[in-house]
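The values are calculated or read from the model by the stated rules, or taken from the named source; none is laboratory data. Everything numeric in this text was worked out from a predicted model, so none of it was measured. Every residue, glycine as well, gets a Cβ built from its backbone with ideal geometry; the counts of neighbours run over all protein chains shown. Remember, those area values only see protein heavy atoms, side chains included, never the ligands or the DNA or RNA. Shrake-Rupley method; radii C 1.70, N 1.55, O 1.52, S 1.80 Å.
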Amino acid sequence: MENQNFDQNYDYVNTPAAGGQPEDGKATASMICGIVGMVLCGCMPLGVAALILSIMARKAGNTSGKATAGLILGIIILVLWVVSLILNITTGFYSDFLSQMGV
């Protein structure tokens, strides 16, 4: 217990691995969720996941393009989902769908 201050010899305090950005895994996951959500035509849960992960990564200090891409794709997915929902309700798609289902 002679050397309790590791900061003198080793830089262990809030240092990302291999010179990367902090919370780089969350930034990568947000970008992947955004891309997959766009491929799946605006999958709302993936858009929400992309937004949450990118916001968490950015709050931790990650300024990479992956976090920004996840944020932008998450916003686009949610906007497309809301527009789709409004369009489907106003055109009567849901009432036709429910009547075909026997509800």
GLY61 versus (1) touching a helix residue (DSSP H, G or I) at 6+ places or on another chain (Cβ under 9 Å); (2) open to solvent by less than 80 Å² (accessible area, probe 1.4 Å): which is the lone unmet condition?
(1)
Kindly indicate which of LEU71, LEU85 is in contact (Cβ under 8 Å) with a residue 24 or more places away in the chain and either open to solvent by 90 Å² or more (accessible area, probe 1.4 Å) or not small (Gly, Ala, Ser) (or both).
LEU71
Taking the condition of being of a type in the set (D, E, K, R) and farther than 14 Å from GLU23 by Cα, how many residues in the range 44-103 meet it?
1
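Filter the range 23-35 down to the residues that are open to solvent by 60 Å² or more (accessible area, probe 1.4 Å), farther than 16 Å from VAL79 by Cα and either out of contact with any Pro (no Cβ under 9 Å at 6 or more places or on another chain) or modelled with pLDDT of 95 or more (or both) and list them by number. Give the derivation first.
Of all residues in the range 23-35, those open to solvent by 60 Å² or more (accessible area, probe 1.4 Å) come to 23, 26, 32, 35.
Okay, now just the ones that are also farther than 16 Å from VAL79 by Cα, so 23, 26, 32.
Across the range 23-35, the qualifying residues are LYS26, ILE32.
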